[in-house]
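So the structure is just underneath, and the comments pick up after that.
The values are calculated or read from the model by the stated rules, or taken from the named source; none is laboratory data. Values in this document were obtained by computation on a predicted structure and should not be read as measured data. As a convention, Cβ positions derive from the backbone with ideal geometry for all residues, glycine included, and neighbour counts pool all protein chains shown. Accessible surface areas use protein heavy atoms only, side chains included; no ligands, DNA or RNA. Shrake-Rupley method; radii C 1.70, N 1.55, O 1.52, S 1.80 Å.
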Amino acid sequence: MPRPAPARHLPGLLLLLWPLLLLPPLAAPGPLARPGFRRLGTRGPGGSPGRRPAPAAPTRAPYSGPGQPGGARGAGVCKSRPLDLVFIIDSSRSVRPLEFTKVKTFVSQIIDTLDIGVADTRVAVVNYASTVKIEFHLQTYSDKQSLKQAVARITPLSTGTMSGLAIQTTMDEAFTVEAGARGPTSNIPKVAIIVTDGRPQDQVNEVASRARASGIELYVVGVDRADMESLKMMASEPLDEHVFYVETYGVIEKLSSRFQETFCAVDPCALGTHQCQHVCISDGDGKHHCECSQGYALNADKKTCSAIDKCALNTHGCEHICVNDRTGSYHCECYEGYTLNEDRKTCSAQDKCALGTHGCQHLCVNDRNGSHHCECYEGYILNADKKTCSVRNKCALGSHGCQHLCVSDGVASYHCDCYPGYTLNEDKKTCSAIEEARRLISTEDACGCEATLAFQEKVRSYLQRLNTKLDDILKKLQVNEYGQIHR
């Protein structure tokens, strides 16, 4: 309905009555009193504006939702269900610019109550009059700020109210996987909210029925002159939960809290009513499940937890020894002679000889398997304790290496000796026969006097020749010395 043109040069009485002529007509009480839709902003007796009692504000602590910066949500502890949500808004000429602004505010307020994100709620807007325009798709924006800015930029279209065409376009183009809608296997609800103030100029019954049959849940908000029967034809069942009516666009914003209640699932994890012993996990739609901290398993009651024997499960990864801890956890240890590596699971052989913890009295010898054994110095033997050593008689052991005789000298020492007629060689182990004695004894009787006399004569003869040579040498020395003096 177009606005009256401003009055010029009107009589005084008419000027006084002019503001009253601009008031909207009173709504007829008959159809508004029918069951099947909700109504806000109705007028009370005597024409005074009616007021629906405001819902009591929850006293529970706010929920920190993933899509809500800072975590505060003024409407209470809840988390919106993930949705594929499309707003279908009427922008025909009957919707004045200021009223259309209020529709956009209404849309933005609903967006504010939702958890927006790729894995949460996705939002699209379809604008319609005699034509239909998809302002943006479900996949276009994934944060609240961008969505609200895009809503603020929407402008009205033209005359006409083609509600059926708008629903059909939403089905064919907005709720497609290509446009960002999630497939049937995702179990994400598809929801459309239609806002209109007029009677549809095309058929809506069949197309709305097909939309509902395809799995789209339709909410309808009627404003002012909206046709109640048409609203019911478009909405899903039950009608009293899917049809809303407001007398003017001035109160449409109050419906945003209703939709918040509709899309909000109470989160028992945030409320603290979950009774989980360790960890509460929200599953959406008011559902949750309990989990346990690492090293614990969920009991049959699905709430309490018991420590897991990870060592018995053989999933510990310890190379040598798994040791259970009291906390339901475990740690790895190594066999004796090994040390735990930095990964706290595998082991490396340690050099006990180098550590000085071997206990060997003499020598420590490392073995390949990370262990060790003790040995003794030469001339000693390892005792039964496998660590200390005692002196041993090498002559008795037969390992001395003497060719003839081994003579023990006491503490781990010995020397070699030879049979008579032999002399010890320079290696102090082997012996050689005395040549002169062996030759004389072999030709003459060593026990006879003749042999002895012959031997003595021979020795005397050698000594005489030796003395003669010594006398000659002394004379030469004297002559040489005398010559040097008289020069």
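The helices (runs of 4 or more DSSP H) located wholly in region 245-335 that include 2 or more residues which are open to solvent by less than 70 Å² (accessible area, probe 1.4 Å) and not charged (D, E, K, R) occupy 255-263, 268-271.
Inside region 227-244, can you point out the residues that are in contact with a Ser or Thr (Cβ under 8 Å, 6 or more places away or on another chain), of a type in the set (A, V, I, L, M) and surrounded by fewer than 19 Cβ atoms within 10 Å (Cβ to Cβ)? Within region 227-244, none qualify.
Restricted to region 342-401, and to residues there that are part of a helix (DSSP H, G or I) and open to solvent by 50 Å² or more (accessible area, probe 1.4 Å), the residue that is farthest from Cys416 (Cα to Cα) is Leu355.
For Lys133, the conditions (1) without any contact (Cβ under 8 Å) to a residue 60 or more places away in the chain; (2) touching a helix residue (DSSP H, G or I) at 6+ places or on another chain (Cβ under 7 Å) are fulfilled apart from (2).
Reported count of residues in region 402-429, each being open to solvent by 60 Å² or more (accessible area, probe 1.4 Å), touching a strand residue (DSSP E or B) at 6+ places or on another chain (Cβ under 6 Å), more than 30 Å from Val365 (Cβ to Cβ) and in a loop (DSSP other than H, G, I, E, B), is 1.
Residue check: is Ser214 open to solvent by 50 Å² or more (accessible area, probe 1.4 Å), at pLDDT below 95 and of a type in the set (Gly, Ala, Ser)? Lay out the reasoning, then the answer.
Values: open to solvent by 50 Å² or more (accessible area, probe 1.4 Å): yes; at pLDDT below 95: yes; of a type in the set (Gly, Ala, Ser): yes.
Spelling it out, Ser214 is indeed open to solvent by 50 Å² or more (accessible area, probe 1.4 Å), at pLDDT below 95 and of a type in the set (Gly, Ala, Ser).
Only one entry in Val220, Val266, Val251, Val246 is at pLDDT 95 or above and not charged (D, E, K, R), namely Val220.
Taking into account only those residues within region 118-130 that are closer than 14 Å to Tyr141 by Cα and open to solvent by less than 10 Å² (accessible area, probe 1.4 Å), which is nearest to the chain's Cα centre (by Cα)? Step through it out loud before you land on a result.
We begin by selecting, within region 118-130, every residue closer than 14 Å to Tyr141 by Cα; these are 118-125.
Pick out the ones that are also open to solvent by less than 10 Å² (accessible area, probe 1.4 Å) and you get 121, 123-125.
Numbers: Thr121: 25, Val123: 31, Ala124: 34, Val125: 37 Å.
Applying the filter and picking the extreme gives Thr121.
Taken together, Leu382, Leu340, Leu355 contain a single residue that is more than 42 Å from the chain's Cα centre (by Cα) and among the aliphatic types (A, V, I, L, M), which is Leu382.
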